[in-house]
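A.B. asks: A single structure is presented below for examination.
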């Protein structure tokens, strides 16, 4: 019962901040709501018993990535008017299109989720308490290839960023 | 000084003829100075003249320059002066020796040549321009004494160059020879209004950029624009207004 | 302000590390200084003009107000110039006391320099240490002439008063204390890695160029030019005393620092010799009651803590005030080299370089 | 009920108050120690030997006018000091001041919580603290604070990488992420980790100095050309919050260093039985003593060293500390693999 209350409260905050992220006019405020959103998502993880994930969520997303967002937003002057475009409703159309796509996706997930029962194996794989060791084992055994691919991807992105940023090497 | 005594006939060369024109000049400028006072030499453009001449008359006759005494008998000038006189003819108009200091008086046109020679000649090697300054003698037609105090680090000797400059007469800048003269010349421009031709950055340095007049001239009142307010309030108001406008810009 | 266009940054005149009312307008490319324009004159009091309207004795106290952290040195320079014009012989005792005062003043001025320079680079303890020792010197001066900053401690022809009894013992005691304190400063800075990183290779200038842009004093000697007025054109009692002129090798901020630290020691050496060998005798030469030098002009230079302090004085032989009174201020001429020194360095180095030149705005602006 | 609510709440109250008092006295300690280093007396007027100076400071800061400049971003401007203060305080939740003790017949642990990712919690919470600085710079709507805050946060993030890497090598040695577990691991090993991981200890200390913007890395705040740093526009209590947050962070770094490297609440040389008489001293006193040594060293460093230039600071972080930390990590991992 208490868990359910906590979950719904946190979920409401997550959704509320998510709405604020997209609806706020000031970009810096929007980034700040994003941080709050991430913090509440981390709280959700704690609720699920995945403390490791929660800590990593705060450390990497809230403490790392969004700081970089904030740098960019603060340094790039976004107060100027958006440039003229031939189709003024371009963004609305794009947004509607994306929203429709997300809706379809969600529907598909719901449909498939209800279609077949959740396999029992998955239940066991989720650690009962936030088990750091378990996460480590999984990453280095079952998910080794994706993990390595992701790290390569990040390396490539980093080198690309350095090349772009540094004009003369 | 140590390498001086070789040439004895030398000193008479530059000093002999140099002495006469200077004393002539003293006599010549002395007589017209007394009736006219400082009035004709006040710069017309630079400043709403706050009637400085009024302050001058109490003194009987304005001095017209230092005596610049010639070297006493038996005191032979340093070798580089002799060499300078022979290397650049007409460059030394007078040679003076007073309380141990040698002063070479040169014509304005020769400043750059003399300066370059004194810097580059191995027996002179005046690599340090200690000071550049001006003495104002308002009673004289060539009113400014422009003085260069030079020092040679290699030979450890000093000499002063001196030249006489009239108001609004451009003087070649020696910044190309001694970069150290840059600010010193700026200060002279600021304080006396001597214009240096070829100076890379001739701006006021100590006084504000929009200052009127040149404070260290002898005819400049001791109390600045306040004096102007007492004597000519309209001019003072105009001055203040122009300054305010400059501030706003 | 983060694009690659040049950025103009204004430092001063109200800025904690410009040592007074100096204003430096920096043109930056990123953090790198492209050019600097030094704006001075905020403290201009027209001392030269003022002096031309005061009598010869009154000027001594105006010279106090130029390099106000080395007032006694200014006094000595002025008095010696006038003595030169008057052709007055200064008694030997007076010359010795002048030497002691000048060297005490040099240590006081270098203490102030060391403290503020280190403070600019962030070493706050050195600041208080250096000021602690400067206090001792100020006490000595207070005992000698009653003032702690602007001494008015010379008279044309000699000294206003003889040294108080026991003063020389106190001076020697101070020398003993100072010897150990210099080690303290050195311990905190000389081999400190951060200090080395902040000062080595910063503002490098070689000897000939330093001469050309008009540096003098420790700033010039840091570049390896053995130019010291005390040695080259001895005044006061320097020709009778034994001392070395320290010079640097590279000409960077660190060398200028080392030179000044060594000058502490040489000054102490001079003070010891002069105090121990202080001759007896009168303290004032034969000076007329009304000082009125004969018409003539002269330039006389002494070695102030900042560099060559020159006085160019013209007497007209008639009035009781100088016709022309001109000071060659070492800080002014050294400051001229600042744009050359800061070019290519970072903004934080500008602060270090201003400190390294050791300027006093009272003297720059006069 | 008592175990679930009352005791934790009491502990939170005690730790929070102790921290805040500790922070204010940290300021006094700093002033006094620096004064002694500089042959001065420091604060002497308020109370005997200035012992009440923190109270006077607090009263002064509270009754000062709290100015909000006109063109600032109000919400962010108000939130920034809070954002920087809160992480500094909630870190104390996982810091073990001692093991279990028996109080009034009840087992009480001398820490608020022992979560299994304790160390990670410390790191992640500390990483949120950077927002306070960035937002203060942004919200002030002024050039110098903005520049200073960018510098400060860049510095913080860079050094966090090195510090976190050293923490990983400690985790490798201890085999746990729990703060209590790390202390217990040192008890079992019979030696403080400072001796097993001296390099990590050194890097952690230097990184700690940099992360708390302390001298010789205090240039975002004291660099002469940046005037006051990111809190230039702040006054009154809001400024005090930044001030407190800085010192709270210093205490956090000291506590964490004590826990990880100096054996937390353990007495010196826990494996030497001959020193068993030292156990008379309560464990939490040992903890406080060790932290105090750290605090003292922090102040000492400030009194001694000049300041780095910004580029030198970044070079030190990226080109020296991070490579060293990585090497240390790899070597530690290798040895660990060999031993086990």
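A.B. asks: With r as the distance between the Cβ atoms of residue C:184 and residue D:59 and R0 = 41 Å, compute the FRET efficiency 1/(1 + (r/R0)^6) and round to 0.05.
C.D. replies: E(calc), rounded to 0.05, equals 0.60.
A.B. asks: Let me know the mean shielding of C:308-317 by other chains, meaning the per-residue number of their Cβ atoms within 10 Å of its Cβ.
C.D. replies: Taking the mean over all residues of the peptide, I get 4.
A.B. asks: What order do you get for A:134, C:135 when you list them from fewest to most C-beta neighbours inside 10 Å?
C.D. replies: Ascending number of Cβ neighbours within 10 Å: C:135, A:134.
A.B. asks: Any chance you could give the angle, 0 to 90 degrees and rounded to 10, that helix C:253-276 forms with the longest Cα principal axis of chain C?
C.D. replies: 20
A.B. asks: Okay, moving on. With axes computed from alpha carbons, what is the tilt in degrees of helix D:74-90 against the longest principal axis of chain D, rounded to the nearest 10 within 0 to 90?
C.D. replies: The answer is roughly 20 degrees.
A.B. asks: If you don't mind, another one. For chain D, modelled as a Gaussian network with Cα springs under 10 Å, which listed residue fluctuates most, D:214, D:106, D:184?
C.D. replies: D:106
A.B. asks: If you don't mind, there's one more thing I want to ask. Working from Cα positions, state the angle (0 to 90°, nearest 10) between the long axis of helix D:198-211 and the longest principal axis of chain D.
C.D. replies: For D:198-211 against chain D, the angle is about 20 degrees.
A.B. asks: I would also like to ask the following. Ranking A:89, B:214, C:117, C:44 by Cβ neighbours within 10 Å, fewest first, what do you get?
C.D. replies: Placing the least packed residue first, the sequence is A:89, C:44, B:214, C:117.
A.B. asks: Quick one: divide the alpha-carbon radius of gyration of the stretch C:43-155 by 2.2 N^0.38 Å and tell me what you get.
C.D. replies: Normalised Cα radius of gyration, the stretch C:43-155: 1.18.
A.B. asks: Need one number: the % of Cα-Cα pairs in the protein assembly as shown sitting beyond the 52 Å mark.
C.D. replies: Of the Cα pairs, 39 percent sit more than 52 Å apart.
A.B. asks: When you count, for each residue, the other Cβ atoms within 10 Å and take the mean per peptide, how do C:299-308, B:82-91, C:204-213 rank with the highest first?
C.D. replies: Final packing ranking: C:299-308, C:204-213, B:82-91.
A.B. asks: Please compute the average number of Cβ atoms from other chains found within 10 Å of each residue's Cβ in peptide B:91-103.
C.D. replies: 3
A.B. asks: Give the distance, in whole Å, between the Cα centre of the stretch C:260-296 and the Cα centre of the stretch C:147-174.
C.D. replies: For the stretch C:260-296 versus the stretch C:147-174, the Cα centre distance is 10 Å.
A.B. asks: Anyone know which of C:271, C:194, C:60 comes out most mobile in the 10 Å Cα GNM of chain C?
C.D. replies: Between C:271, C:194, C:60, it is C:194 that shows the largest mean-square fluctuation.
A.B. asks: If you don't mind, another one. Over the Cα atoms of chain C, what Rg and Dmax result, in angstrom?
C.D. replies: When restricted to the Cα atoms of chain C, Rg and Dmax are 20.5, 71 Å.
A.B. asks: Of all alpha-carbon pairs in chain D, indicate the percentage at a distance above 34 angstrom.
C.D. replies: Beyond 34 Å sits 27 percent of the P(r) for chain D.
A.B. asks: Sorted from fewest to most neighbouring beta carbons within 10 Å, what does the list D:143, D:32 look like?
C.D. replies: Exposure proxy ranking, most exposed first: D:143, D:32.
A.B. asks: With springs connecting C-alpha atoms under 10 Å apart, model chain C as a Gaussian network and identify which of C:335, C:268, C:28 has the largest mean-square fluctuation.
C.D. replies: Among C:335, C:268, C:28, the largest mean-square fluctuation in the Gaussian network model of chain C belongs to C:28.
A.B. asks: Summarise the partner chain shielding of C:40-50 as one whole number: the mean count of Cβ atoms from other chains within 10 Å of each residue's Cβ.
C.D. replies: Mean inter-chain Cβ contacts per residue within 10 Å come to 4.
A.B. asks: Do the sum for chain D: with -39,500 (n - 2.57) for every DSSP H run of n ≥ 4, divided by all residues, what is the mean residue ellipticity at 222 nm, to the nearest 500 deg cm²/dmol?
C.D. replies: Result for chain D, helices only: -21000 deg cm²/dmol.
A.B. asks: For the stretch B:135-200 and the stretch A:7-41, write down the distance between their C-alpha centroids in whole Å.
C.D. replies: 72
A.B. asks: Then there is this: Roughly how far apart, in whole Å, are the Cα centres of the stretch C:55-125 and the stretch D:246-309?
C.D. replies: 51
A.B. asks: Over the stretch B:135-202, one equal point on each Cα, no solvent: what is log10 I(q)/I(0) by the Debye formula at q = 0.24 Å⁻¹?
C.D. replies: -1.09
Read-outs: derived from the displayed coordinates by stated rules, not from any lab. Because the structure is a prediction, the values reported are computed rather than measured. Using ideal geometry, Cβ is built from the backbone for each residue, glycine included, and neighbour counts are taken over all protein chains shown.
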